[in-house]
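The next block holds one structure in the form of structure tokens; read it before the comments.
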Amino acid sequence: QGREVWVEVMTTGDPSYAFLGILGSEILDDVWLPMIPLIVLSLGVAMWSVRKSLRPLTDAATKADELSPTGFEKRFDAASMPREVAGFVTAINRLLERGNELVGAQRLFIARAAHELRTPLSVLLIEFSRINDPRVQRLEADVRTLSELVNRLLLLARLESAAPAGFESFDLAEIARETVPGLEVLAQQSGHRLSLIISGRSIVVGDKLGIRGALSNLIENAIKHTPENTEIRVTVGPGGGIVVEDGGPGMPASDQQTMLQPFRKGPASAGAGLGLAIIKQAADLHRGKLLVGRSSLGGARFELRISLQPRRTSG
């Protein structure tokens, strides 16, 4: 008769799972769809909050990656860290403090060793030079070799304990002009031709004495391990690079990485095996590279490349 009526139907059980379908549809329409924007917003806020809270840890990881083997002067700011990791950061700072004390003790040992070892050896060489006797001359050669070994050990130890705080700005060209002439006599005595090419200024920031020692070792290695009448060429620049190349037999590719380790030397070498290790340590100290290859002269080519910028020292 045109009126609306309600018809109620009751079944025993739900064999076609109609109730579950209706319940799922109602949950999707009335619960999940309204919550999707809230879930997306919550995820975005959570990611932003986590990144912001962990940003001090990311900065600390970057600073830790910049630490050199002797860069224990840096400290991490525990006040800016999350409370859960502040204790761990404090422990790391205490570890760095102990490392700094150890490096300081090593530097003191190096200074004392330089005084106790180098001075007596120099006196012995002076006294031996006054005695004209074949036996004394052989002994003088042994003492000279020992003096050279001590000097190289001290230079290697100095490079290992050098700190960026002591770095200074200098020109690689000036270092070469001061070093190469002092080795010309040694080169001439062994029949080598030593030349220097300056390709512009190369201003770098680093350990001046360490770079001078590395260059000296590069040239001395070329003099000692190449035949007579071999040409040795030193090129400085452009940029922070020093190249020493010779016309000798060269270095096999299989021996290049091995020879960079301390006390590793070739079968025909009479040295102590420290020259290339010193050069490699100087490159590592300045976050540079030591590249070994084949020279255009036909022999070995060693390139010591140094960064033109100082390393960051933020604490």
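Tabulated results
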item	result
Residue that is within 26 Å of PRO82 (Cα to Cα) and among the β-branched types (Val, Ile, Thr), where the choices are VAL9, VAL50	VAL50
Strands (runs of 3 or more DSSP E) contained entirely in the stretch 195-255, each with at least 1 residues that are touching an Asp or Glu at 6+ places or on another chain (Cβ under 7 Å) and open to solvent by less than 10 Å² (accessible area, probe 1.4 Å)	231-236, 241-246
Residue identified as of a type in the set (A, V, I, L, M) and in contact (Cβ under 8 Å) with a residue 24 or more places away in the chain among VAL9, VAL50, VAL85	VAL85
LEU297 vs. criteria in a loop (DSSP other than H, G, I, E, B), of a type outside the set (Val, Ile, Thr) and either at pLDDT 80 or above or within 23 Å of ARG177 (Cα to Cα) (or both)	yes
Inter-residue pairs, beta-carbon under 9 Å, first surrounded by 13 or more Cβ atoms within 10 Å (Cβ to Cβ) and in the stretch 94-105, second of a type in the set (Val, Ile, Thr) and outside any helix (DSSP H, G or I), 6+ apart	GLY99/THR70; ASN100/THR70; VAL103/THR70
Checklist (1) touching a His at 6+ places or on another chain (Cβ under 7 Å); (2) at pLDDT 75 or above; (3) open to solvent by 20 Å² or more (accessible area, probe 1.4 Å) applied to SER307, failing item	(2)
Answer residue from the stretch 179-194, given it is open to solvent by 60 Å² or more (accessible area, probe 1.4 Å) and touching a strand residue (DSSP E or B) at 6+ places or on another chain (Cβ under 6 Å) and is nearest to GLY248 (Cα to Cα) among those	ARG193
Qualifying residue in the stretch 4-12 (condition: open to solvent by less than 90 Å² (accessible area, probe 1.4 Å) and out of contact with any Ser or Thr (no Cβ under 6 Å at 6 or more places or on another chain))	no
Count of residues meeting criterion [out of contact with any Gly (no Cβ under 7 Å at 6 or more places or on another chain) and more than 24 Å from ALA282 (Cα to Cα)] in the stretch 229-249	0
Those residues of the stretch 27-60 which are surrounded by 11 or more Cβ atoms within 10 Å (Cβ to Cβ) and within 39 Å of the chain's Cα centre (by Cα), in sequence order	SER53, LEU54, ARG55, PRO56, LEU57, ASP59, ALA60
Sole exception among (1) under 27 Å from the mean Cα position of the chain (by Cα); (2) modelled with pLDDT of 75 or more for GLU116, by number	(1)
Unmet criterion (only one of (1) at pLDDT 85 or above; (2) within 14 Å of ARG305 (Cα to Cα)) for GLU184	(2)
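The values are calculated or read from the model by the stated rules, or taken from the named source; none is laboratory data. Please read these numbers as outputs of a predicted model, since none were measured by experiment. Cβ: placed from backbone, ideal geometry, glycine included. Neighbour counts: every protein chain shown. Note: accessible area is taken over every heavy atom of the protein model, side chains too, but ligands, DNA and RNA are not part of it. Shrake-Rupley method; radii C 1.70, N 1.55, O 1.52, S 1.80 Å.
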